[in-house]
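The values are calculated or read from the model by the stated rules, or taken from the named source; none is laboratory data. Keep in mind the model is a prediction, meaning the values are calculated, not measured. A quick note on method: Cβ atoms are made from the backbone with ideal geometry, for glycine too, and the neighbour counts reach across all protein chains shown. The protein model used for the area step is the full one, side chains on, heavy atoms only, and it has no ligands, DNA or RNA in it. Shrake-Rupley method; radii C 1.70, N 1.55, O 1.52, S 1.80 Å.
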Amino acid sequence: MKRTSTVLAILAALMCLCTVLTSCGGKKYVGNAAGFGGDVVAQVAVKDGKITSIVVTGEKETAAIGGKALETLNTALAQYKGTELAALNVNSLDTVSGATVTSTAVKAALKDVQRQAAGTAGSKTAVADGTYTATVVSYSVTDMMTLAVTFKDNAITAIDTINAGSSEDIYPSMANNLFPRIIASQNIGVDAIAGATVSSNAAKQAIAETITAAGGDPSEWSKPVAKVNKIVKLEGYDTIVVGLGGAGVMAYLSATENGATVFGIEKAAKIGGNAATTSGPMAVNPPSYVQANGGKFVEESDLIEDWYNYTEGDSKKEIIELFVHESGKTLDWMQDNYDFSFVPGLMAFFDPHNWQVWTPYGGKNGTSKTVGYENSMKMAKARNPKNDYMTELCADELIMDKDGTIKGVRATYYDGTTYEIYGDSVILATGGFIGNAEMCKKYVGGVWKTEAMTQCDGAGIIMGQSAGGALFNPDVAAIEHIAHLDTIIRNDDLTKDEKAVLVSLVLDSIDYATMSFPHMILDTNGDLFNGKYGFFAFDTWKAGPNFYTIYTQEEMDAIKANGLARVNAPTFMGQGGESKAGVPVDTLDKILTVGETYGDVFKGTTIAELAQKTGLSADAVTAAAAAYHLPSSSCYYAIKGASYVYSTSGGLDIDENCNVVKTDGTVIPNLFAIGTDSMGTMFASNKAYVAYGGAAQGWALTSGRLVGKTVAERYK
């Protein structure tokens with residue numbers, strides 16, 4: 001009886017709420033627009049013509065960027081309670097820095113509400129015929145994207161690229177898919193292309209600007225896309241490969257080569273993943289190279305012992321041994337059988353042993369790795385009419401029977417179609433979890449900046465766990481080779497040379513002439529970071545996702561008058577400019593002011609004020625300043641840097657066959673994990689991965705080759 005009363009009370013409360021919103025002259029409007037990750041929704045309640053509540057939400061916006069932007073915009077919108085809906089000046093809302101797409105979506109959703117209230121929903125303001133261009137910040141750190149959009153009879157008829165402003169390996173997957181969908185639907189609210197999200201949203205922003213230039217309202221061209229509601233079943237495969245980056249493609253090639261029928265699933269609109277954009281793998285003593293060299297490049301046993309000792313025993317030695325003994329064979333296999341070409345000879349990386357175990361590669365005949373991957377997949381697919389793969393297909397969950405036996409994979413196509421794909425085995429190769437903010441916070445200390453493809457969101461690891469799979473060192477440090485500004489200024493607010501000065505300021509960590517620390521550097525928590533790093537660009541992960549380089553006013557004055565004491569540049573992602581030591585920086589005030597605008601520079605007249613502006617603990621920063629003996633000054637500056645990472649390293653536990661291992665130590669016989677989904681088995685908790693060169697990509701390629709043969713022999 002009590003339970004029934006409670007339910008009735010809840011229903012009564014809900015009915016009361018509905019009455020407030022829909023009766024006695026009250027109405028509730030819901031507006032939608034396409035945001036960065038999904039729909040942005042504006043819910044506005046109106047009574048007697050006045051706004052009584054106004055809230056914008058976006059469940060799929062990134063928490064660290066879009067989520068914070070929504071918080072800021074909701075605070076700004078609160079002032080409009082009691083205002084007439086028509087008087088809400090949507091265009092006056094400030095765009096939140098770094099969250100242009102989310103901010104624009106909020107405005108579009110609010111305008112949708114206003115049109116509903118005015119009875120003009122679905123109409124479009126006429127645009128003038130002609131071709132209009134727009135330039136926006138995109139993926140590149142050196143160039144912006146410029147598009148030309150042609151309108152005729154109030155419709156987009158062509159979208160042409162003047163400058164991609166993006167990676168040549170990634171941009172075509174966006175342009176070849178997104179532009180035709182926008183033209184076909186006359187809607188810039190179509191979903192961003194997975195694997196090219198930044199380029200997609202930049203393109204949509206550019207097209208929105210051309211709509212404005214043509215006299216239209218972009219919010220009228222931005223509606224969420226309805227999804228298809230149907231199920232397609234595919235059956236009878238020997239194996240299903242989830243993820244077609246380097247590891248997944250190698251598994252696909254190897255399995256088909258050994259007679260298995262294979263279906264591949266790739267979330268992005270292209271294959272190759274991060275392997276197609278990085279340099280090359282670790283390959284220990286490839287037989288053909290050893291023959292040409294007249295002997296081994298490194299003694300495998302020495303390398304294995306050094307590696308295992310580095311992990312302090314917190315790894316699986318048998319997996320390290322497997323990789324070291326098989327990685328060289330993988331190089332020859334790829335080059336001899338598929339459309340790949342490796343640079344002759346091996347090189348040493350940053351490891352002090354100077355072991356030659358690394359080499360770059362591409363497609364044959366001078367083509368890119370992407371072309372090499374595509375051509376090789378065509379060869380593999382042609383081996384059996386049943387072999388197939390799909391891009392823009394997102395694996396959601398493993399299909400299991402009532403006994404927990406894995407029978408296949410359930411996945412969703414970009415248009416909403418559900419695919420149920422059945423096979424005897426499943427290979428997880430989804431590339432780690434760098435694109436999953438919650439997993440990154442849980443395992444690797446926060447949300448990291450990355451130049452990697454963030455469709456790698458831990459899907460394979462999560463699916464493996466759902467089947468009872470155990471994790472092995474998920475907290476291995478993310479792979480980092482780049483330290484840079486927190487917000488890389490990609491437009492022309494600064495010249496390239498001025499950008500180089502600002503980057504040099506944030507990277508001025510060591511004076512190698514005296515082996516001293518010229519500036520106080522703080523970690524993500526505000527603690528002193530000096531002395532906790534060796535090679536700065538490889539070690540800033542120890543500071544957390546961010547670090548802060550501190551300057552006094554006197555130091556800034558000296559740079560302005562006399563120039564930088566040292567020139568520092570990022571390992572990668574340079575912006576084409578040049579800073580010179582000893583040359584006065586006349587525009588330093590401008591550089592710092594622009595840096596403040598982008599959240600890269602903070603200024604305080606006291607250490608406490610500087611801490612408050614950066615959001616760091618005042619106690620921690622004060623203690624760090626005392627420990628560093630920071631000179632007193634009339635003003636202090638903090639230049640905010642970030643570690644840019646490639647991937648996570650930890651993941652599922654596996655055995656020597658790459659079978660996923662359960663928490664009880666037994667294996668799941670028809671479930672495998674390769675590449676960065678399983679690489680924690682070779683590394684140590686809370687420690688960086690090895691620096692021999694290309695270990696992550698080497699493991700991806702080698703584990704893929706090995707597991708493809710295993711599943712073919714076991715299940716064909």
task: Give me D for the stretch 81-179 in µm² s⁻¹, whole number, from Stokes-Einstein with Rh from the Kirkwood sum over alpha-carbon pairs, 10 °C and 1.306 mPa s.
output: 97 µm²/s
- line: The FRET efficiency for N375 and T120, from their Cβ-Cβ distance with R0 = 41 Å and rounded to 0.05, is 0.20
D_trans [Stokes-Einstein, Kirkwood Rh over alpha-carbon pairs] for the stretch 400-496, 37 °C, 0.692 mPa s, µm² s⁻¹: 200 µm²/s
Positive-end residue, the stretch 180-311 charge dipole about Cα centroid, Cβ charges, pick of V225, G245, P281: V225
message: Relative contact order of the stretch 309-413, please, whole-number percent, based on alpha carbon pairs below 8 angstrom and at least 6 residues apart.
response: 14 percent
query: Between N293 and K364, how many nm apart are label points set 7 Å from Cα along the C-beta direction?
result: 2.4 nm
statement: Note: T663 to Q186 extended length (0.36 nm per residue) minus current alpha-carbon separation gives 166.6 nm
- prompt: Taking only protein heavy atoms and a 1.4 Å probe, what accessible area per residue, in Å², does the chain have with all protein chains in place?
  reply: 41 Å²
task: DSSP loop (so not H, G, I, E, B), at most 16 other Cβ within 10 Å: list which GluC sites (Glu not before Pro) in the stretch 287-338 pass both filters.
output: E299, E312
Cα-based Rg / Dmax (Å) for the stretch 544-590: 12.3, 34
3J(HN,Hα) from dihedral phi, the stretch 235-240, Karplus parametrisation 6.51/-1.76/1.60, rounded to Hz, x for glycine, proline: 10, x, 8, 6, 8, 10
message: Sorted from largest to smallest, which semi-axis lengths in Å does the alpha carbon gyration tensor of the stretch 200-299 give for its equivalent ellipsoid, taking the root of 5 times each eigenvalue?
response: 45, 25, 7
- request: Find the relative contact order for the chain and round it to a whole percent, using C-alpha pairs within less than 8 Å whose residues are 6+ positions apart.
  value: 15 percent
field: the stretch 597-699: relative contact order as a whole-number percent, Cα under 8 Å and 6+ apart
entry: 21 percent
- request: For V241, enumerate residues with amide H under 5 Å from its amide H, sequence gap 5+ or separate chain, H modeled in the peptide plane.
  value: F263, G264, I265, I427
field: Helix-only CD estimate at 222 nm, as mean residue ellipticity for the chain, using -39500 (n - 2.57) per DSSP H run (n ≥ 4)
entry: -10500 deg cm²/dmol
query: By per-residue mean of other Cβ atoms within 10 Å, what is the highest-first order of 237-244, 90-97?
result: 237-244, 90-97
- line: the chain: antiparallel bridges as % of DSSP beta bridges, rounded to 5, reads 75 percent
- prompt: Using θ = phi - 60° and the Karplus form 6.51 cos²θ - 1.76 cosθ + 1.60, what ³J(HN,Hα) does each residue of the stretch 690-698 get, whole Hz, x for Gly and Pro?
  reply: 5, 10, 5, x, x, 4, 5, 6, x
- prompt: Packing-wise, with mean Cβ within 10 Å as the measure, how do 118-130, 573-585 rank, highest first?
  reply: 573-585, 118-130
- line: Packing-ranked peptide list from 678-690, 332-344, highest mean Cβ count within 10 angstrom first, is 678-690, 332-344
Cβ-placed point charges (K, R +1; D, E -1), dipole of the stretch 588-629 about Cα centre in debye, nearest 20: 40 debye
message: Taking the Cα centre as origin and putting +1 on Lys and Arg beta-carbons and -1 on Asp and Glu beta-carbons, what dipole magnitude results for the chain, to the nearest 20 debye?
response: 2240 debye
- prompt: Using 0.36 nm per residue, how much length does the chain from N562 to N229 gain when fully extended, once their Cα-Cα distance is taken away?
  reply: 113.2 nm
- prompt: Debye sum, Cα scatterers, the stretch 141-281, no solvent: what log₁₀ I/I(0) at q = 0.12 1/Å?
  reply: -0.63
task: Set Lys and Arg Cβ to +1 and Asp and Glu Cβ to -1, take the dipole of the stretch 446-593 about its Cα centre, and tell me which of N568, T540, A467 lies farthest positive.
output: A467
message: Which residues among the stretch 113-157 fall inside the zone where the amide N is under 14 Å from a point 7 Å beyond the Cα of E84, along Cα→Cβ?
response: 118
message: Quick check: pseudo-label points 7 Å beyond the Cα along Cα→Cβ at N163 and A618, how many nm apart are they?
response: 4.5 nm
- request: Report Rg (one decimal) and Dmax (nearest whole number) for the stretch 96-138, counting Cα atoms only, units Å.
  value: 14.0, 36
- prompt: Could you state the principal axis extents of the C-alpha atoms in the stretch 494-572, from the largest down, to the nearest angstrom?
  reply: 33, 26, 25
task: Mind computing the radius of gyration and Dmax over the alpha-carbon atoms of the stretch 337-443? Å is fine for both.
output: 19.3, 53
task: With no solvent and one equal point scatterer per Cα, compute the Debye intensity ratio I(q)/I(0) for the stretch 582-716 at 0.15 Å⁻¹ and report its log10, rounded to two decimals.
output: -0.82
- request: Under 21 Å between C-alpha atoms is the cut-off here; go through the stretch 536-608 and count lysine pairs that meet it, provided they're at least eight residues apart or on different chains.
  value: 5
query: Viscosity 0.692 mPa s, temperature 37 °C: Stokes-Einstein D of the stretch 519-660 from its Kirkwood Cα radius, in µm² per second?
result: 194 µm²/s
- line: Cα gyration tensor of the stretch 445-523 diagonalised, 5x eigenvalues square-rooted, in angstrom largest first, produces semi-axes 36, 20, 8
- request: Keeping the other protein chains in place, figure out the carbon and sulfur percent of the accessible area of the stretch 96-225, with a 1.4 Å probe.
  value: 53 percent
statement: Applied in sequence order to the stretch 182-196, the curve 6.51 cos²θ - 1.76 cosθ + 1.60 (Karplus, θ = phi - 60°) yields integer Hz couplings, x standing for Gly and Pro, of 5, 5, 5, 9, 6, 8, 8, x, 4, 4, 4, 7, 4, x, 9
task: With r as the distance between the Cβ atoms of K317 and K60 and R0 = 35 Å, compute the FRET efficiency 1/(1 + (r/R0)^6) and round to 0.05.
output: 0.25
- line: log10 I(q)/I(0) for the chain, Debye formula on C-alpha points only (no solvent), q = 0.05, 0.06, 0.12 Å⁻¹, two decimals, reads -0.28, -0.40, -1.41
